[in-house]
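Values in this text are rule-based calculations from the coordinates and carry no lab data. No experiment lies behind these values; they were computed from the predicted model shown. Glycine also receives a Cβ, built like all others from the backbone with ideal geometry; neighbour counts cover every protein chain displayed.
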Amino acid sequence: MTSDLRTEAVPDAGMGLVACPVCDVLHRDAELAVGARARCRRCGTLLFAPRRSAMTQIVMLAATASVLMVAAVFFPFLELQAGGLSRQSSVFDAVMAFSKGMMLPLSVAVGALIVVLPFARLCAIAYALAPMVFGWAPPAHAAPAMRWAEAMRPWAMAEIFITGVAVALVKVAGLAKVTAGPAFWAFAALVLVTVLKDNLMCKFTIWKTLEERRPS
Amino acid sequence: MQVHDMENAGRTQTFLTARRAGLVACRGCGAVHAKGVGACRRCGGTLSSRDAGSLQRVWAWLFAGLIAYVPANLYPMLVTTTFGKTRESTIVGGVIELVEHGSWGVAAIVFAASVVIPIGKFITIAYLALSTRIPVTIRGHGRQRLYEIVEFIGRWSMIDVFVVAILSALVQLNFVVTVNPGIAAVSFALSVAFTMLSAQNVDPRLLWDAYEADDT
Ligand SMILES: [Zn+2]
Ligand SMILES: [Zn+2]
């Protein structure tokens, strides 16, 4: 009981500390030099990796990736040629592959995994962080947008899709000639840009900056 | 924050966790709070010192994933129609076909993604969940590594569903050859999604708590 009272009496308990998200070990939260990397001293999880103008780069990469996503959905993706016959297909056709009959929910899921979620994540990140580039306060609902983007990270599977395309191409290589359309290259570039952006994003630094710039 | 060297590695009791300090840490942003605080002041996420119900959800999703994996192997994944003749192939059947064609590399990728990884994941998640209850041989850093591998690699099993989607969209040459998805694609996708949810519910802080308890 007494210990409860003591912690209740200290509303800013834990200020100036940061805990490892994986093993819960406490660390002192001091300002880090740009370019430094701070890891958890027990489990080695990367805690902070501040970079110069990281916000600007993240927002620009997110914007680039979302434009590429629009191109990837609307331009022809792959063309198959065999014995005088040819067939063009788009990313949308791949999504609609399961749309016949009972498998329709799987079409919806595939569309979400390879197009909707990656795109929505990029938009959420760009929305929450763009004002920060100009040194402004974060927009309304920036925190829920960032939390959602983080929660959806494992479900955005654009990079797995493009690897799946590579496997599928090897499978049909013996039977037919396949040419890659502009959407294929747009999608591949989008995956590279997204990976680059995710590597630049230091979650803890972003949250600290959002908190510091929040109007009180 | 200071980045300590690993001089104390191996002696877990020297590390002060947020829980032992009577504090609660946010896994999303690292901010540390007094015990009893419900929402994180920095990111607004829900706080919990240790997610008490997490193990139950881990087991529930794991069993759901296992059950969905059975029909995924029994029913056809791909239905190929060549000049009016229809052939259905299961996951393992597809791998055997690839081997017969001499595509050892792709056969190995498909076999790894759709057989080795799913089964390895079931075993690893069960092992990690058990390690929080009973002493196991793999130590703290090893368990941490297993957890990271399961989190990173689990989503890649979805590649098989995407390959089916791309093949079905691409190989549609009316009378010559058409490829359509089989019902196994649905249960395989469900199995991957359920197993991902199971892995996401593992609270890694429980793994380290259990390791500390073993070590004393
Ligand atoms: Zn740690
Ligand atoms: Zn938080």
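Per-residue Cβ counts within 10 Å, from other chains only, averaged over A:143-150: what number is that?
Numbers: counts 7, 3, 0, 5, 7, 0, 0, 4.
The mean count of partner-chain Cβ atoms within 10 Å per residue comes to 3.
To the nearest 0.05, what FRET efficiency results for residue A:30 and residue B:136 with a Förster distance of 41 Å applied to their C-beta separation?
Values: r = 36 Å, r/R0 = 0.89.
Result of the calculation: an efficiency of 0.65.
Radius of gyration over Kirkwood radius for chain A, both on Cα atoms: the Rg/Rh ratio is 1.10. Counting Cβ atoms of other protein chains within 10 Å of each residue's Cβ and taking the mean over peptide A:206-214 gives 3.
Give, rounded to the nearest 20 debye, the magnitude of the charge dipole that region B:15-87 has about its Cα centre when Lys and Arg contribute +1 at Cβ and Asp and Glu contribute -1 at Cβ. Please list the in-between numbers first.
Numbers: 10 positive and 1 negative charges, 44 e Å.
The dipole of region B:15-87 has a size of about 200 debye.
Applying a 4.7 Å cutoff between beta carbons, the unpaired cysteines of chain A are A:123, A:202. For chain A, the residue among A:30, A:45, A:126 whose Cα projects farthest onto the positive side of the dipole built from Cβ charges is A:45. Give me the angle, in degrees from 0 to 90, between the Cα long axis of helix A:117-133 and the longest principal axis of the Cα atoms of chain A, rounded to the nearest 10. Value to nearest ten degrees: 40. Of the trypsin sites (Lys or Arg not before Pro) found in region B:135-216, the ones in coil according to DSSP and having at most 14 other Cβ atoms within 10 Å of their Cβ are B:139. When +1 charges are put on Lys and Arg Cβ atoms and -1 charges on Asp and Glu Cβ atoms, the dipole computed for the protein assembly as shown relative to its Cα centre reaches about 460 debye.
The C-alpha atoms of the protein assembly as shown occupy a region whose extents along the principal axes are 80, 53, 38 Å, arranged from largest to smallest. By the compact-protein rule of thumb, 2.2 N^0.38 Å, the alpha-carbon radius of gyration of chain B corresponds to a ratio of 1.32.
Kirkwood Rh over Cα pairs of region A:50-101 into Stokes-Einstein at 20 °C, 1.002 mPa s: D in µm²/s? Please list the in-between numbers first.
On the way: Rh = 13.9 Å.
The diffusion coefficient I find is 154 µm²/s.
Per residue of peptide B:18-26, the mean number of Cβ atoms on other chains within 10 Å of the residue Cβ is 6.
Taking 0.36 nm per intervening residue step and subtracting the Cα-Cα distance, what contour gain separates residue A:85 from residue A:148 on full extension? Mind showing how you got there, number by number?
Details: separation 63, 0.36 × 63 = 22.68 nm, distance 4.50 nm.
Here the answer is 18.2 nm.
For the pair region B:179-216 and region A:154-216, the centres of their Cα atoms are 22 angstrom apart.
The distance linking region B:113-138 with region A:83-101 is 38 Å (Cα centroid to Cα centroid, whole angstrom). For residue A:166 and residue A:45, a Förster radius of 30 Å and the Cβ-Cβ distance give a FRET efficiency of 0.45, rounded to the nearest 0.05.
Can you figure out the FRET efficiency of residue B:104 with residue B:50, using R₀ = 56 Å and their beta-carbon distance, to the nearest 0.05? Numbers along the way, then the final one.
Values: r = 46 Å, r/R0 = 0.83.
The formula returns an efficiency of 0.75 here.
Sorting A:102-110, B:164-172, B:17-25 by average packing, meaning the other beta carbons within 10 Å per residue, from highest down gives B:164-172, B:17-25, A:102-110.
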